[in-house]
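Structure record follows, encoded as structure tokens.
Nothing in this text is a laboratory measurement; each read-out follows from the coordinates by a stated rule. Predicted model, so just to flag it, every value in this text is computed and none were measured. Cβ: placed from backbone, ideal geometry, glycine included. Neighbour counts: every protein chain shown.
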Amino acid sequence: MSPYEIIMLLCFGAAWPFSIYKSWHTKKTAGKSILFLIIVFLGYIAGIINKLLYHFDAVIYFYILNASMVLTDSIVWFRNRTIEKQAMTNDAQ
């Protein structure tokens, strides 16, 4: 188990709750890229697979936690996109 890997995951993971909170409350997709979220999510999945196949240790739980937060942020992005589309439809009427 590498302390540097843990520090990296903690630092990256610390940002996600703020991102999710902001996205949920603003109900906007502006400034957030779904492609970026998908790429980061795939990176965490690759880390999980690496831990499962080659070097299993407790760090896998940090990967799972971070991947869960990115997935949550992605779901909120799609929710916000739906809200924005509904608002545009209502404005057009």
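Put in order of Cβ neighbour count within 10 Å, fewest first, the listed residues W24, W77 become W24, W77.
Phi-derived couplings, Karplus 6.51 cos²θ - 1.76 cosθ + 1.60 at θ = phi - 60°, listed residue by residue for region 34-43: 5, 4, 4, 4, 5, 5, 5, 4, 4, x Hz, with x used for Gly and Pro. Computed on the chain, with alpha-carbon pairs under 8 angstrom and 6+ residues apart, the relative contact order is 45 percent. Cross-link partners for K28 among the aspartates and glutamates, with Cα-Cα distance under 14 Å and sequence neighbours closer than 8 places in the same chain left out: D73, E84.
How large is the dipole of the chain about the Cα centre if only Lys and Arg carry +1 and Asp and Glu carry -1, each at its Cβ, rounded to the nearest 20 debye?
In debye, rounded to 20, the chain gives about 320.
Under Stokes-Einstein, with the Kirkwood radius over Cα pairs as Rh, the value for region 32-93 at 20 °C and 1.002 mPa s is 162 µm²/s. The helix-based estimate of mean residue ellipticity at 222 nm for the chain, built from -39,500 (n - 2.57) per DSSP H run of four or more residues and divided by its residue count, is -29500 deg cm²/dmol to the nearest 500. Distance between the C-alpha centres of region 45-73 and region 2-21: 12 Å, rounded to the whole angstrom.
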